[in-house]
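These notes are about the structure you will find just below.
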Amino acid sequence: MNALPVDLERNAANGDLQAQLLLGRAQEDAGSHAQARAWYGRAAAGGSLQARTALGISLLLHDPISPYDGVKAIIEAANGGCAQAAHLVATMAAAGSGIPQDWNVALNALRRSAELGWPLARAELALLAGEPQPDPSAPPQVWRRLQDKIDLSFWALAPAVRSVYSAPRIGVIENCLPGAICGWLVERARPMIERARVYDAATGDGRLDTARSNSVAEFNIADADVIVALARARIAAITGLPTMSMEHTSVLHYAVGQQFAPHYDFLDAAAPGHKLDMARRGQRVATFLVYLSDDFEEGQTAFLELDWKYRGRTGDAILFWNVDVSGAPDLKTRHAGLAPTRGEKWLLSQWIREPRNAAT
């Protein structure tokens, strides 16, 4: 880690809560999570709600992970009036991550976050209510009115899947997500994108490879939001598979010339890394892709064994099952993400594992 400003370390040591928070973040960025948590803990003990929130996020995302303590810290910060923590509670309640899934709790927490001034929560409420975002000085009743306009029943509807192939099982869904939601997901992902990795069959880890040159933004629980959770709920309604079987939602970006060479999405039980992952999380049975943009040329999803390509309009989706009806990997699902020749291609990518019972 680069040397930190001497005055920051001195001020932190002397009890400056903001300096302790900043020092913790610097340690986190450097990968020193234990030291980061120590500084977060000191600042939280001194009354910093932002530090308590940062501590909770660290406990949820970085080894050694402690879900109970992480969720507890975030809820405490939210109850204390931290806008960011209230937004995290909204996301967790919407996703059923760390706390039971409850849409009423999620929307109440989202409104509370907006009332406390969190810009992301305010923008979400306005978008979900179908209204322009109010002035930041708007009174609390404005955020309540926006919350009351949100129609959750819309997200429980399952648009029709038009079957394209029965073996392998491939279907397309028109107007899966509204255009405004697609635009939201693109803008949320844009600052987070980084070079995409491929799945290393030997280790199970991700690695850079010339076979994949596009970029990706992955939404963990700290980066996600209620809109991401609603998109997952829509995918669950369409596929009949629970959100708890879904991997983190990703947004893919393809610039001109970027591609993902032919590959399979299922896991190969003969590969050590895949076998270990399958034992923990099950087979990756389905892939769901939503086109978040359409202002590009070429860039189709191509199925090589079928000599068939798909390119949706903004909001359209494709669902394909990586296994056959018996649960065996389907070799006919070999596919590629072709490169656009003009414009930018944005996709929501959702991999779904086989549902596991509570005992596994």
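As an exercise: evaluate Asn2 against (1) at pLDDT below 95; (2) part of a helix (DSSP H, G or I) and give the number of the one condition it does not meet.
Only one criterion is unmet by Asn2, namely (2).
Name the single residue that is nearest to the chain's Cα centre (by Cα) among those in the stretch 316-360 being surrounded by 17 or more Cβ atoms within 10 Å (Cβ to Cβ), aliphatic (A, V, I, L, M) and farther than 16 Å from Leu306 by Cα.
Here the answer is Leu348.
Quick check on Ala270: is it over 18 Å from the mean Cα position of the chain (by Cα) and either within 24 Å of Ile193 (Cβ to Cβ) or surrounded by 21 or more Cβ atoms within 10 Å (Cβ to Cβ) (or both)?
no
Could we say that Glu174 is within 24 Å of Trp308 (Cα to Cα) and modelled with pLDDT of 95 or more here?
In short, yes.
What's the number of the only condition in (1) among the small types (Gly, Ala, Ser); (2) assigned to a helix (DSSP H, G or I); (3) over 21 Å from Ser48 (Cβ atoms) that Ala109 fails to meet?
The number of the failed condition is (3).
For the stretch 11-85, list the helices (runs of 4 or more DSSP H) that sit wholly inside it and hold at least 1 residues that are among the hydrophobic types (A, V, I, L, M, F, W, C) and on the phi > 0 side of the Ramachandran plot; which are they?
none
Considering only the stretch 211-243, how many residues are surrounded by fewer than 18 Cβ atoms within 10 Å (Cβ to Cβ) and free of Cβ contacts under 8 Å to residues at least 12 places away in the same chain?
1
Got a sec? Which of Gly41, Gly46, Gly98, Gly81 is within 20 Å of the chain's Cα centre (by Cα) and not hydroxyl-bearing (Ser, Thr, Tyr)?
Step by step, each of Gly41, Gly46, Gly98, Gly81 is checked, and only Gly98 is within 20 Å of the chain's Cα centre (by Cα) and not hydroxyl-bearing (Ser, Thr, Tyr).
Within the set of pairs 6+ apart or on separate chains, which have a first residue in the stretch 1-21 that is under 17 Å from Gly46 (Cα atoms) and surrounded by 12 or more Cβ atoms within 10 Å (Cβ to Cβ), a second that is among the basic types (Lys, Arg) and modelled with pLDDT under 95, and C-beta atoms under 9 Å apart?
Asp16/Arg10; Ala19/Arg10
The values are calculated or read from the model by the stated rules, or taken from the named source; none is laboratory data. What you see is a predicted model, and the numbers here were worked out from it, not measured in a lab. Glycine also receives a Cβ, built like all others from the backbone with ideal geometry; neighbour counts cover every protein chain displayed.
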